[in-house]
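Peer 1: Can you keep this structure in mind? I'll have questions shortly.
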Amino acid sequence: MNRKVKFWSSLTVLILLVFSAEAQEIYPGKAKQVEQDIAADFPFESKFINIGSEKIHYVESGQGDPILLLHGLPANLYLWRNVIPNIDSNKRVIALDFLGFGKSSFPTDSNVSVEVQYKMLCDFIATKKLKNVTLFIQDIGSIAGMLYAIREPQNVKGIALFEAPFMPAEIMYDQLPFSFRAFMRLTRKQKSNDRLMVKRNFAGKKLAVNFFTGRKLPKEAYAFYTSPWDDERRRYAITRGPDPAVLSYSKGKGSSEFASLLDTISTGMRNTQIPILYFYAKKGLVNREEALRYAMDNFKNADFVFLGKGKHFLTESHPRQMSRKFNLWYEKF
């Protein structure tokens, strides 16, 4: 073997070792498989509260400082069914459905923008007189939750999050998997988005649910995720809400309302001193490796938990582990 071949061979091996070491740092050890015997039952009493002209569906249990569980897209509070009973009973656990999702009402004007959902969250917290809140949040729930933590930090005790858009727009877009970026391009025009989500009811299909959960659910679980979308009008809750698909026009580099929102959130999350618990999986969907590195470099007061294998609905993959780690983290402050 001549010197040039040896040089390039050695360089290649070195690069592979560096990348392997970095990946090991991010994803330590062998990724745990999805937990077994994840219950499909939803043994909680539905409650409703009037917020202005809207009716918000929620469930509640326990006593003590409130833990507020905020779901993502295209889910509802069913996402939290195996977390609620495993969080210690000396905490007041509340999970709610956002406007247009689950069993909460859908606004007559079809406005389910970030600020509308955020105002509903603020009004819910005020009406329930929740103080010293800990937010356990994901996806659109994390957008509203992080905005609340940034704007009302005096009332937030801690933030536990997963699969959340906490980074600037360009980083957010670049680290997404090809399949997600292709989906964003497909739905970035309102007409195309309405055709897929409203007319064809993409979110109401088993295939879509399995895509987000990363596993095939038991038969009895599907209805909890899909039945809210049986009403065609309610499907506009997906197409009239936060719209990350606009990032695909300029690959996250341009200006848009959603990009500005991400700038606000990323700046606030970099600067906050509120304790953060960050759950992540291999390989996730919204949070891939670059997002994890961004969080590790920029969150000031954070603990990081690698769960194992998972997609977007991580509570469908590791609910007991997430609850246990949450309890341990919560005891520290």
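Peer 1: Does Leu247 qualify as being touching a residue at least 60 places away in the same chain (Cβ under 8 Å), part of a helix (DSSP H, G or I) and surrounded by 16 or more Cβ atoms within 10 Å (Cβ to Cβ)? I'd like the intermediate steps shown before the answer.
Peer 2: Working: touching a residue at least 60 places away in the same chain (Cβ under 8 Å): yes; part of a helix (DSSP H, G or I): yes; surrounded by 16 or more Cβ atoms within 10 Å (Cβ to Cβ): yes.
Considered against the rule, which asks whether it is touching a residue at least 60 places away in the same chain (Cβ under 8 Å), part of a helix (DSSP H, G or I) and surrounded by 16 or more Cβ atoms within 10 Å (Cβ to Cβ), Leu247 comes out as yes.
Peer 1: Go through (1) under 28 Å from Asp243 (Cβ atoms); (2) under 19 Å from the mean Cα position of the chain (by Cα); (3) not polar (S, T, N, Q) for Phe106 and report which single condition fails.
Peer 2: (2)
Peer 1: Which pairs do you get when a residue that is of a type in the set (D, E, K, R), found in region 58-75, comes within reach of a residue that is surrounded by 21 or more Cβ atoms within 10 Å (Cβ to Cβ), reach meaning Cβ atoms under 6 angstrom, with the pair 6+ apart or on two chains?
Peer 2: Listed by first residue and then by second, the contacts come to Glu60/Ile94.
Peer 1: Against the condition free of Cβ contacts under 8 Å to residues at least 40 places away in the same chain and among the polar types (S, T, N, Q), how does Asn301 come out, does it pass?
Peer 2: Yes; evaluated as a whole, the condition is true for this residue.
Peer 1: Of everything in region 170-189, what is among the polar types (S, T, N, Q) and either touching an Asp or Glu at 6+ places or on another chain (Cβ under 9 Å) or crowded, with 17+ Cβ neighbours inside 10 Å (or both)? Give them in sequence order.
Peer 2: Hits for region 170-189 are Gln175, Thr187.
Peer 1: Let me ask another. Out of all the residues in region 278-306, which are assigned to a strand (DSSP E or B) and surrounded by 23 or more Cβ atoms within 10 Å (Cβ to Cβ)?
Peer 2: Across region 278-306, the qualifying residues are Phe279, Tyr280, Ala281.
Peer 1: If the requirement is being in contact with a Gly (Cβ under 6 Å, 6 or more places away or on another chain) and crowded, with 21+ Cβ neighbours inside 10 Å, which of these qualifies: Gly158, Gly141, Gly100?
Peer 2: Working: Gly158 fails: in contact with a Gly (Cβ under 6 Å, 6 or more places away or on another chain); Gly100 fails: in contact with a Gly (Cβ under 6 Å, 6 or more places away or on another chain).
Result of the check over Gly158, Gly141, Gly100: Gly141.
Peer 1: What tally of residues in region 68-106 results from selecting those that are out of contact with any helix residue (DSSP H, G or I) (no Cβ under 8 Å at 6 or more places or on another chain) and hydrophobic (A, V, I, L, M, F, W, C)?
Peer 2: The total comes to 3.
Peer 1: Tell me, which helices (runs of 4 or more DSSP H) lie completely within region 160-211 with 2 or more residues that are at negative phi and hydroxyl-bearing (Ser, Thr, Tyr)?
Peer 2: 178-187
Peer 1: On to the next question. Are any of the residues in region 288-307 touching a Pro at 6+ places or on another chain (Cβ under 7 Å), basic (Lys, Arg) and under 21 Å from Phe211 (Cα atoms)?
Peer 2: Yes; the residues of region 288-307 include at least one that is touching a Pro at 6+ places or on another chain (Cβ under 7 Å), basic (Lys, Arg) and under 21 Å from Phe211 (Cα atoms).
Peer 1: Shifting gears a bit: For region 1-115, list the strands (runs of 3 or more DSSP E) that sit wholly inside it and hold at least 3 residues that are in contact with a Lys or Arg (Cβ under 6 Å, 6 or more places away or on another chain) and modelled with pLDDT under 95; which are they?
Peer 2: Here the list is empty.
Peer 1: Oh, and also: Does Arg320 satisfy the condition of being out of contact with any strand residue (DSSP E or B) (no Cβ under 7 Å at 6 or more places or on another chain), basic (Lys, Arg) and buried (at least 16 other Cβ atoms within 10 Å of the Cβ)?
Peer 2: Considered against the rule, which asks whether it is out of contact with any strand residue (DSSP E or B) (no Cβ under 7 Å at 6 or more places or on another chain), basic (Lys, Arg) and buried (at least 16 other Cβ atoms within 10 Å of the Cβ), Arg320 comes out as no.
Peer 1: Right, another one. For region 125-153, enumerate the residues that are closer than 24 Å to Trp329 by Cβ, of a type in the set (A, V, I, L, M, F, W, C) and either in a helix (DSSP H, G or I) or in contact with a Lys or Arg (Cβ under 6 Å, 6 or more places away or on another chain) (or both).
Peer 2: Ile125, Ile140, Ile143, Ala144, Met146, Leu147, Ala149, Ile150
The values are calculated or read from the model by the stated rules, or taken from the named source; none is laboratory data. Given the structure is predicted, the values throughout are model-derived calculations rather than measurements. Methodologically, a virtual Cβ is constructed for each residue, glycine included, from the backbone with ideal geometry; neighbour enumeration extends over all protein chains shown.
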